[in-house]
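The values are calculated or read from the model by the stated rules, or taken from the named source; none is laboratory data. Here the structure is a predicted model, which means the values were calculated and not measured. Quick reminder, even Gly has a Cβ in these numbers, built from the backbone with ideal geometry, and neighbours come from all protein chains shown.
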Amino acid sequence: MDKWLEEALAEGEEAAKAHLNAVARIVGGHIARISEPNAVPPTIARTVEEMGKGVTAGMLLHHGSAGVMTVEMHSISRSGR
């Protein structure tokens, strides 16, 4: 994934944003694949919390900014079944 990000960054900001959108769709597909329908919301919440930990580590690694990013999901809704 880092290689794909580097390639996207070389193409510019829009390509980097498109890369992140693609990664998000892939992760969403993985969540759907491993979770029973009723387990999807807590799986999404845990995944988003882990993303916050990744942002915290990335900010320190790439920008020297120390701190903690806490991410919490308060609502998830869906329609249809």
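Going by what's in this entry, would LEU20 be described as without any contact (Cβ under 8 Å) to a residue 24 or more places away in the chain, of a type outside the set (D, E, K, R) and in the same structural domain as ALA8 (by TED's automatic domain parsing)?
yes
For segment 22-56, how many residues are loosely packed, with under 11 Cβ neighbours inside 10 Å and polar (S, T, N, Q)?
The total comes to 1.
Being outside any helix (DSSP H, G or I) and under 17 Å from GLY54 (Cβ atoms) is the filter here, so list the residues in segment 1-16 that pass it.
Filtering segment 1-16 for residues outside any helix (DSSP H, G or I) gives 1, 12.
Across segment 1-16, the qualifying residue is only MET1.
Of the residues ALA15, ALA39, which single one is within 21 Å of SER79 (Cα to Cα), of a type in the set (A, V, I, L, M, F, W, C) and without any contact (Cβ under 8 Å) to a residue 12 or more places away in the chain?
Numbers: ALA15 fails: within 21 Å of SER79 (Cα to Cα).
That would be ALA39, the only listed residue that is within 21 Å of SER79 (Cα to Cα), of a type in the set (A, V, I, L, M, F, W, C) and without any contact (Cβ under 8 Å) to a residue 12 or more places away in the chain.
Go through segment 42-58 and give me each residue that's over 11 Å from MET73 (Cβ atoms) and either of a type in the set (Ser, Thr, Tyr) or in contact with a Cys (Cβ under 7 Å, 6 or more places away or on another chain) (or both).
At the first step, the residues of segment 42-58 found to be over 11 Å from MET73 (Cβ atoms) are 50, 53-58.
Once the filter is applied, which keeps residues that are over 11 Å from MET73 (Cβ atoms) and either of a type in the set (Ser, Thr, Tyr) or in contact with a Cys (Cβ under 7 Å, 6 or more places away or on another chain) (or both), segment 42-58 yields only THR56.
Looking at MET59, MET73, can you tell me which residue is part of a loop (DSSP other than H, G, I, E, B), surrounded by 12 or more Cβ atoms within 10 Å (Cβ to Cβ) and at negative phi?
Details: MET59 fails: part of a loop (DSSP other than H, G, I, E, B).
Result of the check over MET59, MET73: MET73.
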